[in-house]
Structures are given as structure tokens and as C-alpha cells.
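Structure record follows, encoded as C-alpha cells.
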Amino acid sequence: MSEWVLASDIGGTFTDIVLAGPDGGWTSVKQLTTPEAPERSVVEGTRLALTQAGISPEQVVRVVHGTTLATNAVIERRGARTAFVTTEGFGDLLRISRAARVEEDRYDLHFQNQAPPVSADLCFEAPERMGPKGEVLRELDDADARALSNEIARSEPEAVAICLLHSYANAEHEERLARHLAAAMPNASIVLSSRIHPEIREYDRACTTLFTAEVAPLMASYLARLEAGLQGIGIQAPLQVMESSGGVMGAQVAAERAVATLESGGAAGVMAAARFAAHQGLARVISFDMGGTTVKAGVVHDGEPQIVRELHVGGKGSFGGRRAGTGYPVKTPTVDVAELGAGGGSIAWLDPEGLLQVGPRSAGASPGPACYGRGGVEPTVTDANLVLGYLDPNNFASGKLTLDRQAAHDAIEREIAGPLGVEVDRAAWAIHDSVNASMANAIHVVTVQRGLDPREHTLVGFGGAGPMHMAGVASRFGIPTLVVPPDAGVASAVGMLSCDLRVELGQTRSIRPEELDEALAAKEFSLLRARALERMGYEQAPGELIVEQLVDARFAGQAHELSVPLRSIAARDLASLEDDFRQLYATTYGVEARGEVEYAALRTRVRVPIVAPPLPAPRARGGVAKPRAQRWMRFGEVEGEAPTYAREDLGVGANVVGPAVIDGRVETIVVPPGWQAAVDDVGSLVLTFETR
């Protein structure tokens, strides 16, 4: 019996399902997301995929899942009712936060800091104190701990986040308080910062612990329902969850470490771009993932995405509030992704000055764009693309929906074209072009703002809407080559299929270079490795295990560190670590700084490789591309009849000259005037601009 792997990715509008077999068998399904019960869309889509693939549920041996549940819960502040406990005298820690001003806020005379993530009546102080090296400055008395636990219990929280001062250096007080809290509230979830993020910086650690406590009960309940739903249709395979760092983890670990899934969808898209880049021999690529609600961009060099260790959620800055200094910080390894509210469901509107705006508000899956015929009345990007002739109203989302072009026309005319006094198709083009301009900002963040030239990269576009807009976005940077991989509309789910099980853990340790000898390094990294395996659900190391060891280093007096890879814990490699840091610092910042070096933390990455199912084989070499139909389309000032092709008709070597549209099963590729598309040897569409 052949073994298949199932991947599912829940977006704000669509849920994507991919079934992949060992021989290149491939089945993909797009299903409208059911916001009130997101697991239902996964189960329904999976049942349909099994039928289309002609396989039994017992043949599925692994299930990988990506979800926005944790992200939405944090941003919308609808997690479990959570109490926060910190050291006496630090009760206002979350209210004070960083008081950071970024971007235009620097000049706002009426600036107000964001609201604290938990109300004052749910903040409690424990009479204790640890020093920065773990020394006990004030003992936590058991009688005081019991009294505090009973006081917290009277507030009836569903979860409690404990973040005592310097507990990364000595967790004894947190552990003791947790035992008293568990006795007073046996049904509450108790989360300790010393287990979640045992590293310095109190505010960051506090936010990370608080959001873990808030989201963990929701995630546990959701994953239990999802597992039950999949088992109900006969799938008994273990469930794994995509995490923000580009790996996957077991469902039980995901329930406990829900904040590690905050960027699971964005990370999956970048990992998909990494896999296709490796498959096609591309060294430098930009991933461009446009769905129904958001667009996400990331960069992959030599098959590896950039990883950062701090994610910002819920801020009012650009790109989903994830720019440093905005929102609430969450300390978790995350693929470096710029995200903003621009997708097919983004709503077009006129501001008080009569200027066209698109997004960030989205029509989502319910009621959806006006053309869905599900009650939506506001014009969206999808409505504009339909009016422009890019979408086949009878072949949308694997044929799941029949689009109403008249409803789209009427919505744009009523809300945009009429008030502006322009033709509807011109208003539709303005919506299309405006969202392209907005999405270009995401690419700007991950390239230009990182010192990278986007013209030196290949743009890999996917998501249901990405291939419709990627040429327009690329033109703003002069990116000459675009790639649309097979089944681009469900590429994020494809990316999950190739992700290894992985965990990264850090531990604050303030050490001078001469103090880090072989004995200390062996002890500390062994403890980190054991904790990592425990978090991955292994009692002992599996057969194939890849372990990376790093040391966070900085110059004395600096506030931030660089992670330096450690080749081994042998004396010669420990001795060269300081020079390795100086070289990395010069490469990173362009400055050969001098001064005393200190180590701030030790870090371990543990990875269990998986065997990814093969990508589908390309169609046989084809001859001249033959259009199936002609449709009226508009591209800026150019309008008229243009050919439409079915992607399934295009074999290797086939070439399409724009203007044209290529209809895939789960995506639509727009080839504007001046561009041409060719099918390469692995079945991807490669778009190039014709320079004259």
C-alpha cells in the first residue's frame, strides 16, 4: 500500500489541501474557509481530496497543518482569560512596555502607547526576588505563595502566566509558585517563562509567556477537534503543525507552544519558495504569496530563508505590525516575512478626500467579494480582476464557485467608479494597480531595507492571487524573471510537505570567552539538546538527528547580540569563537569594531529530517501553445480581446506571449503586454520581460 502525506493550510478566505504520494501523485483542493469552525473546512477539503486521488484514508501516514488561529487570537485579543504574575514591584511591567515610537509616531504630539495586553485587575505581584545570576535576594515563602494563589483563583482565570524577575537564571521560585497555583486552580493552564523563554529582557519574556498562556487552551481545543474530525473520516496519521521558523512540530507541542505558530502560514510559503528554488537551481529568490486576505514576502538565499528571533504582533505599524518597535514582541524563531493586509478579498474604498484605498480590511470567506454571491456588497480586488477579464467566472477555485461579473461591476460602479466619475473598467484597473503598489512595499521591506537589490533575485509567485499580480509588482522594481511553480495556488501547503521536525532553544548565560571551556559547553549544550528532544516529543534521540550549536555574542556594553555558529565544543573551536564573532560582526554591520567580547546566551537547533514526497512530474514536451478561448481584458490603457490558455495544455517548452491569461486548476496567471511565459523542464511557468 502506497503512503501519502496530507498538508492543509487555513487562510482568511480559502483553505488549501494537498495530497502527495511517493510516486509524484498529486491532488490539490481549494475550499472556502469556515471561520466559525475552521477545522470543518480542512475535513471537508480532505474528504474531497481523498475522493479525487482515489485513495483510502489509511494510506495517509502524515498530516501537516498550518493555521492562523494563534495569530488572530493575539491580534484580536480573544484568547483565554489569563492572569499575569510577576515579581513584587514590577506589576506595571506590561503597561509601561517599551513606550516605543516608530515611523510617523515619532512626531505625533498626541501619541498614546498601546494598551497593555492584560488588564490591571489580572496582574499580580509575588513577594520574592532573584538576582541576575540566580542568587536568591528574597525568598518566596510558601505561606505567601498559597495566599497569592488563592487570591488569583478568586479572579477565575482560565490560564496563569508566571514571569518572575531573572527566572531564566534560577527557576525555583516559578516552579514553587506553579505548584501552589495548580493546587488552587486544578483546571487552569499554568505557563512558566522559565520553560517558554528562559532568556533576558523582561518585557519580551513577559509578552511571550502571556500570549502562550492565552492561546494555549484555544490551540489545544482546536487541534483536538481537528484530530477528531480527521479520525472521523478514517485518517489515523499523526498530526503535525507548521511553526514560524520553517519547521513542523507535533500537535501536543503546538498546543503548549502556540505562539510558535504565529507565522505558520507565512513560513510555509517561504519554505515552498525555498523548495522550488532548490528544485530549479535558483540561488536568490523572493517569495511572493498573495492569498485572499494577506500578502507575504520573504527572501531565500542558497535554499535557506532568513530567521529572526522576534516577532511583533498587534501593532499599528506597517506590514501587519511586525516591524521592530511596534506591537507586542513575541520571542520565537521566525522566518523573516513582511506581511500586509492585501489580498483578493481586500476591500476598495474612498477616503474622505476621495482618494482610492485598498485594504487592509478584507471581505474574507464570509460574506466574501461581491462576485461570490454570498452577501458581500463591497468591491474587492477579486471583483476588479473579474471585471478586467482576468478571471474565468466558471472556473474559479477548482470550479467551486461561479463568479457573478455583474455583481462585481455594480459594486465597483456604486462605491468607486460612480463617485469618481470614471468608467467601471478604469476604476477596476485603478484597484488592481493600487494593490500592486501596496504589495510592492512588502518586497521593499525584505530586500531594499535589508540592503538587497531585488533585481538580482527571481520572484517566485504563488497563492490563489499571486500569479495574477506578480508581473505588475515585479515591474516596479525591474525584476526581470518570475517563476510560477506547479499548483501555485496551494504552494504554502506544498511547502509544509518538505519541512523537517525542528526546535530551537536558547538559555541566557553571561560568560566571558575564557570561561567557556569544553566541560561547561558539554554540560550546557547537553541540557539544551535534552530539552529540545523533550519538546519534540522524543524520549530518546531518533536515528537521524542534526544538531547545531550557537553562542550569542556581543561587545561588552552592547544591548543586542549576534548568534555565532559553533563548529564543535573542542577547545580549538571554542578558542576561535571570539574571532568568528568579530568576523561576523564586520560582515553584518560593515564595521571592524574592537573591544572586549562577552557571551550572552547559548543556543541549540535540533532537526529531524523527513523525506519529502516528490514534486509532480512535468507534462511531456509540447508544441505550440494553443489558446482555448478569447476574452476581453484591460491592462492599463491597453484593452481588447486576448487569448486564454489552460495550464494543463502547456507541455515543456510551450511559450505564451502576452497579453494573455493562463488558467490553472487553483491559480490564474496573468501575462501582461511585454511579458512572455514559457514552461520549463520541471513544469514551472517562467515569465520574462521582453526588453526592446
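If the condition is being small (Gly, Ala, Ser) and over 14 Å from ARG195 (Cβ atoms), then segment 506-536 contributes SER510, ALA519, ALA521, ALA522, SER526. Of TYR372, TYR390, which residue is over 26 Å from the mean Cα position of the chain (by Cα), buried (at least 23 other Cβ atoms within 10 Å of the Cβ), among the hydroxyl-bearing types (Ser, Thr, Tyr) and over 21 Å from GLY636 (Cβ atoms)? Going through TYR372, TYR390 in turn, just one is over 26 Å from the mean Cα position of the chain (by Cα), buried (at least 23 other Cβ atoms within 10 Å of the Cβ), among the hydroxyl-bearing types (Ser, Thr, Tyr) and over 21 Å from GLY636 (Cβ atoms): TYR372. Residues of segment 1-36 that are free of Cβ contacts under 8 Å to residues at least 40 places away in the same chain and not charged (D, E, K, R): THR15, THR27. The helices (runs of 4 or more DSSP H) falling completely within segment 462-569 that include 1 or more residues that are surrounded by fewer than 20 Cβ atoms within 10 Å (Cβ to Cβ) map to 466-475, 518-536. Those strands (runs of 3 or more DSSP E) of segment 634-692 in which 3 or more residues are small (Gly, Ala, Ser) occupy 638-646.
State which residue is farthest from LEU388 (Cα to Cα) when the search covers only segment 444-458 and only residues that are open to solvent by 40 Å² or more (accessible area, probe 1.4 Å) and part of a helix (DSSP H, G or I). Across segment 444-458, the extreme among qualifying residues is ARG450.
In the set LEU516, LEU497, LEU528, which member is under 20 Å from the mean Cα position of the chain (by Cα) and in contact (Cβ under 8 Å) with a residue 24 or more places away in the chain? Walk me through it before giving the result.
On the way: LEU516 fails: under 20 Å from the mean Cα position of the chain (by Cα); LEU528 fails: under 20 Å from the mean Cα position of the chain (by Cα).
Exactly one of LEU516, LEU497, LEU528 is under 20 Å from the mean Cα position of the chain (by Cα) and in contact (Cβ under 8 Å) with a residue 24 or more places away in the chain, namely LEU497.
The sole residue among ASN441, ASN436 that is assigned to a helix (DSSP H, G or I), closer than 21 Å to GLY658 by Cα and among the polar types (S, T, N, Q) is ASN436. Once segment 37-60 is narrowed to residues that are hydroxyl-bearing (Ser, Thr, Tyr) and either more than 20 Å from VAL241 (Cβ to Cβ) or touching a residue at least 60 places away in the same chain (Cβ under 8 Å) (or both), the residue that is least open to solvent (accessible area, probe 1.4 Å) is THR46.
Return yes when GLU174 is among the charged types (D, E, K, R), over 18 Å from ILE75 (Cα atoms) and in contact with a helix residue (DSSP H, G or I) (Cβ under 8 Å, 6 or more places away or on another chain) and no when it is not.
Yes; evaluated as a whole, the condition is true for this residue.
Which one is least open to solvent (accessible area, probe 1.4 Å), of the residues in segment 401-433 that are within 23 Å of LYS30 (Cβ to Cβ) and in a loop (DSSP other than H, G, I, E, B)? For segment 401-433, the residue satisfying everything is LEU403.
The numbered conditions (1) of a type outside the set (D, E, K, R); (2) at pLDDT below 85; (3) closer than 26 Å to ARG605 by Cβ are all true for THR326 except (3). For GLY79, are the conditions met, namely being closer than 17 Å to PRO613 by Cβ and either surrounded by fewer than 18 Cβ atoms within 10 Å (Cβ to Cβ) or touching a residue at least 60 places away in the same chain (Cβ under 8 Å) (or both)? Considered against the rule, which asks whether it is closer than 17 Å to PRO613 by Cβ and either surrounded by fewer than 18 Cβ atoms within 10 Å (Cβ to Cβ) or touching a residue at least 60 places away in the same chain (Cβ under 8 Å) (or both), GLY79 comes out as no. Pairs meeting the criteria (first residue in segment 573-598 and free of Cβ contacts under 8 Å to residues at least 12 places away in the same chain, second residue basic (Lys, Arg), beta carbons under 6 Å, at least 6 apart or on different chains) are ASP573/ARG567. Taking first residues from segment 392-417 that are within 20 Å of GLN52 (Cα to Cα) and partners that are basic (Lys, Arg) and open to solvent by 30 Å² or more (accessible area, probe 1.4 Å), the Cβ contacts under 9 Å between residues at least 6 apart in sequence or on separate chains come to ASN395/ARG665; SER398/ARG665; GLY399/ARG665; LEU401/ARG374. Residues considered: PRO35, PRO117. Of these, the only one that is at pLDDT 85 or above and of a type outside the set (Ser, Thr, Tyr) is PRO117. Tallying residues that are open to solvent by less than 20 Å² (accessible area, probe 1.4 Å) and over 13 Å from the mean Cα position of the chain (by Cα) within segment 274-291 yields 5.
The values are calculated or read from the model by the stated rules, or taken from the named source; none is laboratory data. These numbers were taken from a predicted model, which means no experiment stands behind them. Cβ sites come from the backbone with ideal geometry, for glycine too, and all protein chains shown count toward neighbours. With ligands, DNA and RNA removed, areas are computed over all heavy atoms of the protein, side chains included. Shrake-Rupley method; radii C 1.70, N 1.55, O 1.52, S 1.80 Å.
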